[in-house]
Amino acid sequence: MNYLTPAITALLLTVLAGFFALKYFPKWGLLDNPKKYKLKREPIPYPGGILLYFVFVILSFIFLEHTTKLYGLLLGSGILVLVSFIDDRISLPAWLRILVQVLVAGFMIVSGIGVEAITNPFGGSIALDQLKFTLEFGGGSTEILAFSSLFTLIWIVVIVNTMNWMDGVPGLTSGLTFIGGLTLFFLSISDMVSQPETASLAIIVAMIALGFLFFDFFPPKIIIGDSGSMFFGLLLAVLAIFSGGKIATAFLILGFPIMDAVYVIMRRIYNRQAPWKGGEWDNERKAVHLHHRLLEFGLSERQVLLVIYALAALYGISALFLGTQGKFWAIVSIFVLSFLIAIAPKMKKK
């Protein structure tokens, strides 16, 4: 019952924010440009992510403990959302977006958010706190763990971009965030972790995502934009760290999107194309993203959403019951299934 009030409040506030966007965004000119992507529909409110951030801030001050980590998350995510909101309107250079993501990840680290050890699936753990130094500023100081900071920075930047790239089909990022937030909520209230504060954060994130999914599910009434997809990516990345460093659990939930990001980067480098360059097609006019390959295979947008939701939910639920070694083999199975999905359109054509 302690989690029911923040969950319902998060859901209702997000739905109200959605109706607010439907009414006022068109008056303010905050609309997408469907012609840019050769879509035959009228412009709709865009980007909805800016409202999701304000909803999250309100809920954080009401229901969460005011700690340095929370303030760091609010300020860091605010910077990310603001820059992404500007990018949604005028398309900033890719290098600038990456730089902002790295700076935001660094800000999370200075705020005390980080992974100090990674569980070894074959026994023991890999310590990331062996090399450390002290950073002094403003009359105070904070201890920085070099390996932990590097791992945390890479983790945050990868998940932020993974969720952003999953925004090719409306409803995908919000749906995955709901599944991820809900899974990490159940993990946080379990006897294995038992972190009530993290559970409150997780259920708030999950319900915000569910509330926006009402407007985001295909065909969308509101477009989430980079501001929303990257914001959700940052929240999931940080949640995984808060939940006792459950990186493997988060990897299982987002395994297919992460493998999709790796596949896209490798393919673009192979084709001598900038890996950060967005778009549905590579130089050879072949679909590259997971959702695009499923569309090319013949699935509808809604079917693509349901397939990816089902895979994320299946692996997310398994993460709640599997041990460390079991999670390792589950991740291996994601590699195999990702490969099969990648070659499925080619096999169908043959």
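Starting from residues that are under 25 Å from the mean Cα position of the chain (by Cα) and in a loop (DSSP other than H, G, I, E, B), keep the ones in the stretch 32-42 and report whichever is surrounded by the fewest Cβ atoms within 10 Å (Cβ to Cβ).
That would be Asn33.
For the structure I just gave you, tell me whether Pro47 is assigned to a loop (DSSP other than H, G, I, E, B) and over 29 Å from Ala105 (Cα atoms).
Working: assigned to a loop (DSSP other than H, G, I, E, B): yes; over 29 Å from Ala105 (Cα atoms): no.
No.
Suppose we filter Tyr46, Tyr24 for residues that are surrounded by 13 or more Cβ atoms within 10 Å (Cβ to Cβ) and either within 21 Å of Pro170 (Cα to Cα) or over 21 Å from the mean Cα position of the chain (by Cα) (or both); which single one remains? Show your work before the answer.
Details: Tyr24 fails: surrounded by 13 or more Cβ atoms within 10 Å (Cβ to Cβ).
From the options Tyr46, Tyr24, the qualifying one is Tyr46.
Return the pair list, or none, for Cβ contacts closer than 9 Å from residues in the stretch 213-231 that are acidic (Asp, Glu) to residues that are in a loop (DSSP other than H, G, I, E, B), at least 6 apart or on different chains.
Hits for this filter: Asp216/Gly48; Asp216/Pro170; Asp216/Gly171; Asp216/Ile222; Asp216/Ile223; Asp216/Ile224; Asp226/Pro47.
Restricting to the stretch 9-44, what's the tally of residues that are modelled with pLDDT of 85 or more and touching an Asp or Glu at 6+ places or on another chain (Cβ under 8 Å)?
Here the count works out to 2.
Name the pairs whose Cβ atoms lie under 8 Å apart, with the first residue in the stretch 278-306 and over 18 Å from Trp165 (Cα atoms) and of a type in the set (A, V, I, L, M), the second outside any strand (DSSP E or B) and at pLDDT 70 or above, and 6 or more positions between them or separate chains?
Within 8 Å, the pairs are Leu299/Val307.
Taking Gly29 as the residue in question, decide whether it is closer than 29 Å to Tyr71 by Cα, among the small types (Gly, Ala, Ser) and either touching a residue at least 12 places away in the same chain (Cβ under 8 Å) or loosely packed, with under 13 Cβ neighbours inside 10 Å (or both).
Criteria not met by Gly29.
Mind listing whichever residues of the stretch 1-14 are buried (at least 17 other Cβ atoms within 10 Å of the Cβ) and not in a loop (DSSP other than H, G, I, E, B)?
Within the stretch 1-14, Pro6, Ala7, Thr9, Ala10, Leu11, Leu13, Thr14 meet the criteria.
Within the stretch 79-117, can you find the residues that are more than 19 Å from Val158 (Cβ to Cβ) and in a helix (DSSP H, G or I)?
If the condition is that a residue be more than 19 Å from Val158 (Cβ to Cβ) and in a helix (DSSP H, G or I), then Leu82, Phe85, Ile86, Asp88, Arg89, Ile90, Val110 are the ones that fit.
List every residue pair whose Cβ atoms lie under 6 Å apart, where the two residues are 6 or more positions apart in sequence or sit on different chains, the first residue falls within the stretch 106-117 and is at pLDDT 85 or above, and the second residue, located anywhere, is buried (at least 20 other Cβ atoms within 10 Å of the Cβ) and among the small types (Gly, Ala, Ser).
Once the first residue is at pLDDT 85 or above and sits in the stretch 106-117, its partners that are buried (at least 20 other Cβ atoms within 10 Å of the Cβ) and among the small types (Gly, Ala, Ser) give Phe107/Gly76; Met108/Gly76; Ile109/Ser149.
What is the residue count in the stretch 295-332 for residues that are assigned to a helix (DSSP H, G or I) and within 20 Å of Ile118 (Cα to Cα)?
15
State whether one or more residues within the stretch 120-132 are at pLDDT 90 or above, in contact with a Leu (Cβ under 9 Å, 6 or more places away or on another chain) and surrounded by 12 or more Cβ atoms within 10 Å (Cβ to Cβ).
Checking the stretch 120-132: not a single residue is at pLDDT 90 or above, in contact with a Leu (Cβ under 9 Å, 6 or more places away or on another chain) and surrounded by 12 or more Cβ atoms within 10 Å (Cβ to Cβ).
The values are calculated or read from the model by the stated rules, or taken from the named source; none is laboratory data. Since the structure is predicted, the reported quantities are computational estimates derived from the model, not experimental observations. Reconstructed Cβ throughout: ideal geometry from the backbone, glycine too, with neighbour counts over all protein chains shown.
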